[in-house]
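For reference, the structure is listed below as structure tokens.
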Amino acid sequence: MAEPPVRDAIVIGAGLAGCSTAVQLARRGLDVLLLESATYPVHKLCGEFLSPEVRGHFRDLGVSEAIDAARPAAIRRVVVTTRSGLKWTAALPGDAIGLSRWRLDPLLFDAAAGAGANCLLGADVRDVRGSASTGFEVTYRHEGATIVEACRLAVGAFGKRSRLDRTFGREVRTRGGEFVAFKMHYRGADLGESVELHAFDGGYCGMSHVEDGAVNACCIARVGALREAGRSFDALRDGPMRTNPALARRFDVLEPLMAKPVSVSQVSFRTKATFDGGVMMAGDAAAMIAPLCGDGMAMALRSAAIAGPLAADFLERRISFDQLQQRYEREWRAEFRHRLGVGRLLQAALFRPAAAAAGVRLLNAVPWLGDYFVRATRDSESL
Ligand SMILES: Cc1cc2nc3c(=O)[nH]c(=O)nc-3n(C[C@H](O)[C@H](O)[C@H](O)COP(=O)(O)OP(=O)(O)OC[C@H]3O[C@@H](n4cnc5c(N)ncnc54)[C@H](O)[C@@H]3O)c2cc1C
């Protein structure tokens with residue numbers, strides 16, 4: 001039997017970073033396989049707030065019309081509230097949108113297939129072995145079979161938490177994995193064109209509209225706060241979250257549109273590595289910005305916009321693997337290091353009631369400070 005061909009690249013994970021990378025490589029005529037463990041559509045854990053700078057990325061990927069056709073919610077303001085009843089509100093520096101991952105991810109996946117990538121859903125990657133000099137072997141389960149495929153470059157776009165973290169020896173459990181997050185869709189409240197961030201003791205809850213008038217409520221809390229509340233989303237919602245009066249008022253009228261929340265534990269905000277085991281990491285697999293910045297998806301697209309052309313240059317033998325590693329690391333750090341740090345700082349403040357209250361007072365007293373933080377946590381050049 002003939003040996004299967006060695007593909008140019010295998011991209012693991014078809015979220016924003018994976019689909020975007022696959023589009024770029026496929027457009028250059030490279031043989032790309034995009035593997036996604038989920039079957040779409042699926043509800044993913046995310047605030048589903050798309051920062052203004054995603055528009056340029058969507059245009060580059062050729063999905064702007066499809067995004068508009070999905071009728072995303074318009075979001076133009078940010079509102080922050082604290083447990084002590086303080087409130088800060090400001091205009092966003094551009095037009096953001098709210099679109100569910102249920103709608104967004106299949107749309108990006110179709111764009112990758114349309115660009116010529118080979119795309120598989122329900123393909124759960126179990127192992128990656130090899131090196132740039134020998135090539136990689138990627139093992140995945142698909143429709144009950146175990147399949148091994150060879151490639152010259154493997155791209156890890158498998159998000160904030162994956163079984164592959166263990167494969168690459170990433171210490172998610174021991175370092176920085178102390179957060180848990182939940183997301184639910186509701187109906188019954190009109191948030192206007194605002195994204196709301198409600199701080200409570202040990203966490204915060206973001207709320208904004210997605211398509212069809214639905215409200216996304218997405219919260220992140222310290223594991224300790226969840227444990228004290230009673231270890232479930234309902235306990236967190238009926239306990240610590242109700243200590244913020246604005247958030248309590250929202251939950252008084254919201255009716256769930258989903259049977260149960262999507263949840264994820266061991267969320268880590270530390271920077272991981274741009275390469276692990278020779279695999280090029282993009283999106284959350286390299287690092288995740290604090291969710292309150294509402295910029296993770298834009299960052300995933302931006303990191304893919306850096307990774308894609310460099311990976312193509314390597315695959316087309318214009319640069320060596322060492323050059324690929326060095327340039328990606330350099331460009332990645334220049335782009336993201338500062339905003340990741342500012343995001344962590346803001347998040348730490350929002351987790352503590354006294355710091356959150358002091359922060360909101362400061363934002364109200366110094367109007368330009370809010371604008372500075374909004375811009376410092378995103379790609380301000382493309383706003
Ligand atoms: C609580 C919370 C709220 C957030 N809110 C927002 C927000 O409002 N706005 C925003 O911009 N960002 C937000 N983010 C961040 C945002 O969700 C991520 O930054 C973004 O999804 C990263 O995209 P990605 O492509 O790197 O990963 P993902 O979108 O997570 O995609 C990774 C994909 O890899 C797949 N995968 C994983 N393991 C395997 C495997 N072994 N084999 C095959 N496939 C695999 C997964 O199924 C998934 O589809 C939030 C994050 C959290 C935790």
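So how tilted is helix 101-115 from the main axis of the chain? Cα-based, degrees 0 to 90, rounded to 10.
20
Pick from M299, M258, M281 the residue whose mean-square fluctuation is largest in a GNM of the chain, springs joining Cα atoms under 10 Å.
Maximum among the listed residues: M258.
How far, in degrees from 0 to 90, does helix 296-315 lean away from the longest principal axis of the Cα atoms of the chain, to the nearest 10?
10
Please list log₁₀ I(q)/I(0) at q = 0.17, 0.19, 0.22, 0.30 Å⁻¹ for the stretch 338-380, using the Debye equation with identical point scatterers on the alpha-carbon positions.
Treating every Cα as an identical point scatterer, log10 I(q)/I(0) equals -0.46, -0.57, -0.74, -1.07.
On the Cα set of the chain, report Rg and Dmax in Å, please.
20.7, 73
R270 to T89: FRET efficiency via 1/(1 + (r/R0)^6), r the Cβ-Cβ distance, R0 45 Å, to the nearest 0.05? Can you show the working numbers first?
Working: r = 31 Å, r/R0 = 0.70.
Here the calculated transfer efficiency is 0.90.
Which FRET efficiency, nearest 0.05, do R27 and E228 yield, Cβ-Cβ r, R0 35 Å?
Numbers: r = 50 Å, r/R0 = 1.44.
Computed FRET efficiency for R27 and E228: 0.10.
Sort R59, R152 so that the residue with the fewest other Cβ atoms within 10 Å of its own Cβ comes first and the one with the most comes last. Present the calculation step by step, with values, prior to reporting the outcome.
Working: R59 12, R152 21.
In increasing order of surrounding Cβ atoms, one gets R59, R152.
Between A248 and A355, how many nm apart are label points set 7 Å from Cα along the C-beta direction?
About 2.5 nm, to one decimal.
Pairs to check: K160/K272; K44/K87; K87/K183; K44/K183; K183/K272. Give those whose C-alpha atoms are more than 20 Å from each other in this structure.
Values: K160/K272 10 Å; K44/K87 29 Å; K87/K183 23 Å; K44/K183 8 Å; K183/K272 24 Å.
Correct reply: K44/K87; K87/K183; K183/K272.
How high is the relative contact order of the stretch 59-216, in percent, counting Cα pairs under 8 Å that sit 6 or more residues apart? Walk me through the numbers before you get to the answer.
On the way: 214 pairs, mean separation 45.0, N = 158.
The value is 28 percent.
What is the fewest-to-most order of K44, K272 by other Cβ atoms lying within 10 Å of their Cβ? List each step's numbers first, then the result.
On the way: K44 18, K272 21.
With the sparsest Cβ surroundings first, the list reads K44, K272.
Taking Rh as the Kirkwood radius, which is the inverse of the mean 1/r over Cα pairs, what is the Rg/Rh value for the stretch 259-320? The partial results should precede the final answer.
Values: Rg = 14.6 Å, Rh = 13.4 Å.
On the Cα set of the stretch 259-320, Rg over Rh gives 1.09.
Say we join alpha carbon atoms closer than 10 Å with springs in a Gaussian network model of the chain; which of V195, V264, V11 then has the biggest fluctuation?
With Cα springs under 10 Å in the chain, the top fluctuation among V195, V264, V11 is at V264.
Can you give the FRET efficiency to the nearest 0.05 for R333 and A376, using r as the Cβ-Cβ distance and R₀ = 22 Å?
Details: r = 16 Å, r/R0 = 0.73.
Working from the Cβ atoms, E equals 0.85.
By count of other Cβ within 10 Å, fewest leading, how are M280, M184 ordered? Intermediate values should be presented prior to the final figure.
Numbers: M280 26, M184 21.
Ranked by crowding around the Cβ, least crowded first: M184, M280.
In nm, what is the difference between 0.36 nm times the number of residues separating D238 and L345 and their Cα-Cα distance? Before the final figure, lay out each step's value.
Numbers: separation 107, 0.36 × 107 = 38.52 nm, distance 2.74 nm.
Going from the current span to full extension adds 35.8 nm.
Just the isolated ones, please: cysteines in the chain lacking another cysteine beta carbon under 4.7 angstrom.
C19, C46, C119, C151, C218, C293
Just how far, in whole angstrom, is the stretch 112-155 from the stretch 299-378 if you go by their alpha carbon centroids?
Distance between centres, Cα-based: 29 Å.
Bear in mind that the values in this text are calculations on the coordinates, not laboratory data. Just so you know, these numbers come straight off a predicted model, no measurement behind them. Quick reminder, even Gly has a Cβ in these numbers, built from the backbone with ideal geometry, and neighbours come from all protein chains shown.
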